[in-house]
Amino acid sequence: MNIEQEIKALREALRLHNYNYYVLDNATISDYEFDQKLKQLEQLEADNPQFFDENSPTQRVGGAITKNFNTVTHTHRMYSLDNSYSKEDVLDWEKRLQKILGDVPINYTCELKYDGASINLYYKNGKFEKAVTRGDGFQGDEVTANVKTIKSIPLVLKEEDLQDFEIRGEIVLPLEGFNKMNQERLENGEELYRNPRNTASGSLKLQDSAEVAKRPLDCLLYQIVADQTPFKSHYESLKFAQKTGFKVPNTLKLCKNTAEIFDFIAYWDLHRHDLPYETDGVVIKVNDLHFQEELGYTAKSPRWALAYKFQTEQASTVLHKITYQVGRTGAITPVANLEPVELAGTIVKRASLHNADQIAKLDIREKDTVFVEKGGEIIPKIVGVDLEKRPKESIPTKYISHCPDCHTELIRTEGDAKHYCPNEFGCPTQITGRIQHFISRKAMNIDGIGAETIELFYKDGLIRNYADLYDLTVEQIIPLERMAEKSAENIIKGLELSKEIPFEKVLFALGIRFVGETVAKKLAKHYKNIDHLQQASFEDLINVDEIGERIAQSIIDFFAVPTNVEIVNRLKNKGLQFSVDESKLLHQTDKVAGLVFVVSGVFHKFSRNELKKSIEDNGGKVSSSISKKTNYVVAGDNMGPSKLTKAESLGIPIISESEYLELLK
Ligand code: AMP
Ligand code: ZN
């Protein structure tokens, strides 16, 4: 095989794996093997630039920066959809159709209405050409570089008759990925993303496509548009789209009459929460393309399609009081304390109000009756005020100007939606928040101390920062409320043991803004010890893989504060790990690299956490639930019965801990 053929073969193989993994959700090789092949291809392409191809799988990692998005006129206009909310609306629509088409039987397709950002993908000669947002329907923004990073979108089509066309779809952020992104932001003390839809459409307009590549976006397709197509029906065209490599959800259904449409609606109204992404309704389309042509368009939307909107799960209740929380980074979050109300099966007592702008925009006031909604978010949100029920004596909400805790005047920097309490070292909530973060499970994981213990120590004047923890003595702790000798001893023991916690966790525990778990790992691996990190310049920092300007600046700012340096030095003197233990690195192999494990049951040779750590140290991944992507289930005693059936039904090998150890040999 010559080099050109080798490059071609690798591209073909990687394309197929992308398709299996991202479109069919059915991995055929491990992530590790995939990465190896990708690296190999990257090398070959770098050495042989004459074979460059903008649609190579290597071009999906992003890197291109778009400063201004070009405005592009759509070849065919992108219309809106008419909405309907009841069976009557649907029946009326059918009557209108029959008025135009005559009294003929009409077949329909039902699809889910995917809740994301609409996109128009252009293909030419079977290759991805460009992606344009809907914009105003006539013109949109070209976001090709960003969309290219979405792995479920084929860049090169399987060979079929139709090679030049537009295909329309919705870019969505599946809930699992959305929640993960927010979890990370929570840990980094950043403001949370509101909902998957806004985050998906925001992602399309990011300037740095490498940033987009990191987001787990997906693209669900719903219509092929071309001047001439070989298709007779919409259903047929979507089946073609599936065959040629696009992700068209299998929820698509052909319905012979309105009764079948109502069955489809009823089913998904009930089951929509089991879907991996959000949907806000069903789109019903006349299936026959000749009929579609005959029906045509109104000024805004096709006559041949109708959106049926699900009732959103909403409740109305009284907002008693707005309170303000201070985070460990000083960020202020307003919270609505509600009269408890049932919503989508849970009792809701509180809702986030996000920030001052949000309160002002909706003019939310105490004693108002408000509408609460639950979307993909963890915390429900207030979507409106029932003005008719507003009490006469109601007064507009005045956002606090001073910290509810330390009474320092709040600041708000430009471009930041949140107010901050700047009193970093004097604000009790920030102080205890930082120490609570320090001891938390993912950080120093100190046994015997909880969040309340920290508050107790703080109130009694025993600690002012996390370094003070290591000066505590059993004698100091015993006299405190609810402290027995035994628990005091446990605390001291827990602190002693924490001196063995590896550097990367210690670094995370310091609570430097924007330095979450993953970033801490990266920094620890790169700099090996705290001194190197502390001496690193801004330029030096941003050259580290995945460290951006914001993180770099935050690290510089942290070490610029003498108190922080002093605290770090005290921790060093106490014997905490401030460098990577090279001997520990020896245990790290890539023996199970790329494999996904699920761990279940009780083990003898390891604790569960040790087993998980061993898997990760040897390159594997640990997942909490069994899916098609799982490679092995490591089962101990008393493995959960539902996990067992799931693993068996998917044909995933179940191995014992000894068999796992065999894998490492
Ligand atoms: P609206 O914005 O309410 O007028 O609804 C029209 C939008 O629904 C379109 O621009 C599409 O982006 C979106 N949509 C989501 N799912 C579908 C689907 N299955 N078929 C057609 N449009 C859809
Ligand atoms: Zn404060």
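The values are calculated or read from the model by the stated rules, or taken from the named source; none is laboratory data. A quick note: this is a predicted structure, and the numbers were derived from the prediction, not measured. All Cβ positions, glycine included, derive from the backbone under ideal geometry; neighbour counts span all protein chains shown. Surface accessibility is based on the protein's heavy atoms, side chains included, excluding ligands, DNA and RNA. Shrake-Rupley method; radii C 1.70, N 1.55, O 1.52, S 1.80 Å.
To the nearest 20 Debye, how big is the dipole of the stretch 503-585 about its Cα centre, given +1 on the beta carbon of each Lys and Arg and -1 on that of each Asp and Glu?
Charge dipole of the stretch 503-585: 360 debye, to the nearest 20.
Along the charge dipole of the chain, pointing to its positive end and built from +1/-1 on Cβ of Lys, Arg, Asp and Glu, which listed residue (Gly450, Ala200, Gln292) has its Cα farthest out?
Gln292
To the nearest Å, what is the center-to-center distance of the stretch 587-617 and the stretch 326-390, using C-alpha atoms only?
After rounding, the separation between the Cα centres reads 42 Å.
Using Cα-only point scatterers and the Debye equation, what is log10 of I(q)/I(0) for the stretch 83-309 at each q in 0.08, 0.14 Å⁻¹, rounded to two decimals?
Here log10 of I(q) over I(0) equals -0.31, -0.94.
How would you rank 192-201, 60-69, highest first, on the average number of other Cβ atoms within 10 Å across their residues?
192-201, 60-69
Starting from the Cα-Cα distance between Gln50 and Asn68, subtract it from 0.36 nm times their residue separation and give me the gain in nm to one decimal.
3.6 nm
Quick check: from the Cα gyration tensor, does the stretch 494-576 come out rounded (a/c under 1.5), prolate or oblate?
Note, shape of the stretch 494-576 comes out prolate.
At a 1.4 Å probe, what is the % contribution of carbon and sulfur to the accessible area of the chain?
Solvent-exposed carbon and sulfur of the chain make up 49 percent of the total.
Using only Cα atoms, tell me the angle between helix 608-617 and the longest principal axis of the chain; keep it within 0 to 90° and round to the nearest 10.
Roughly 70 degrees, rounded to the nearest 10.
Taking 0.36 nm per intervening residue step and subtracting the Cα-Cα distance, what contour gain separates Asn638 from Ser624 on full extension?
Between Asn638 and Ser624, full extension yields 3.4 nm more.
Where does the stretch 284-419 land on Rg(C-alpha)/(2.2 N^0.38 Å)?
Dividing the Cα radius of gyration by 2.2 N^0.38 Å gives 1.47.
Which order do the peptides 241-250, 291-300 take when ranked by the mean count of other beta-carbon atoms within 10 Å per residue, highest first?
Output ranking for 241-250, 291-300: 241-250, 291-300.
Apply the Kirkwood formula to the stretch 234-344: the hydrodynamic radius equals the inverse of the mean of 1/r over all pairs of different alpha-carbon atoms; give it in Å with one decimal.
18.3
All other residues with a Cβ under 12 Å from the Cβ of Lys321 taken together, and with Lys, Arg as +1 and Asp, Glu as -1, what is their net charge?
My count for the surroundings of Lys321 gives +1.
In whole Å, what three semi-axes, largest first, describe the equivalent ellipsoid of the stretch 3-61 built from its Cα gyration tensor (square root of 5 times each eigenvalue)?
21, 11, 9
Work out how much length Asp161 to Asp581 would gain on full extension: take 0.36 nm times their residue separation and subtract the Cα-Cα distance, in nm to one decimal.
Extending this stretch completely gives an extra 145.3 nm.
Which three lengths, in whole Å and largest first, does the stretch 560-620 cover when its Cα atoms are put on their principal axes?
Computed over the stretch 560-620, the largest-to-smallest principal extents equal 46, 24, 21 Å.
Determine the order of His407, His320 by accessible area, beginning with the largest, at a probe radius of 1.4 Å.
Sorted by accessible area, descending: His407, His320.
What's the percent breakdown of Cα-Cα distances in the stretch 438-577 across 10 Å bins, shortest bin first?
Calculated P(r), rounded to whole percents: 11, 40, 30, 15, 4, 0.
State to the nearest 20 debye the size of the charge dipole of the stretch 428-500 about its Cα centre, where the only charges are +1 on K and R beta carbons and -1 on D and E beta carbons.
Roughly 320 debye, rounded to the nearest 20.
Could you tell me which residue out of Tyr21, Pro57, Ile7 lies farthest along the dipole of the stretch 3-61 toward its positive end? Charges go on the beta carbon: Lys and Arg +1, Asp and Glu -1, centred on the Cα centre.
My answer, from the dipole projection, is Tyr21.
Just the C-alpha atoms of the chain: what Rg/Rh do they give, with Rh taken as the Kirkwood radius?
0.99
For the stretch 596-664, what is one quarter of the convex hull surface built on the Cα atoms, given in nm²?
The orientation-averaged projected area of the Cα hull of the stretch 596-664 comes to 4.0 nm².
Can you give the net charge of the other residues whose Cβ lies under 15 Å from the Cβ of Pro340, counting K and R as +1 and D and E as -1?
Neighbour charge sum, excluding Pro340 itself: +2.
If I ignore ligands, DNA and RNA and count only protein heavy atoms, how much of Ser233 is accessible to a 1.4 Å probe, in Å² to the nearest 10?
Ser233 exposes around 20 Å² with every protein chain in place.
Tell me, what does the Kirkwood hydrodynamic radius of the stretch 428-500 come to in angstroms if you use every pair of distinct C-alpha atoms?
12.1
Restricted to Cα positions, what overall size does the stretch 290-346 have along the principal axes? Three whole-Å values, descending.
61, 29, 19
In whole angstrom, how long is each semi-axis of the equivalent ellipsoid of the stretch 179-313, when you take the square root of 5 times every eigenvalue of its Cα gyration tensor and sort them from largest down?
Largest first, the stretch 179-313 gives 33, 20, 14 Å.
Determine the calculated [θ] at 222 nm for the chain from helices alone, applying -39500 (n - 2.57) to every DSSP H run no shorter than 4 residues and normalising by the residue count; nearest 500 deg cm²/dmol.
Roughly -10500 deg cm²/dmol at 222 nm, from the helical runs in the chain.
What whole-number value in Å² describes the accessible area per residue of the chain for a 1.4 Å probe?
Heavy-atom SASA per residue in the chain reads 51 Å².
Treating the angle as unsigned and between 0 and 90°, give the value, to the nearest 10°, between the Cα long axis of helix 562-574 and the longest Cα principal axis of the chain.
Result, in degrees: 70.
Does anyone have the angle between helix 31-47 and the longest principal axis of the chain? Alpha-carbon axes, 0 to 90°, nearest 10?
80
Choose one of Leu533, Leu523, Val506: the residue whose Cα lies farthest towards the positive end of the charge dipole of the stretch 503-585 (beta-carbon charges +1 Lys, Arg; -1 Asp, Glu; about the Cα centre).
Val506
Can you compute the charge dipole magnitude of the chain about its Cα centre, using +1 on each Lys and Arg Cβ and -1 on each Asp and Glu Cβ, nothing else charged? Give it in debye, rounded to the nearest 20.
Dipole magnitude for the chain comes out near 560 debye.
Expressed as cubic angstrom per residue, what is the convex hull volume of the alpha carbon set of the stretch 346-458?
Roughly 179 Å³ of hull volume per residue.
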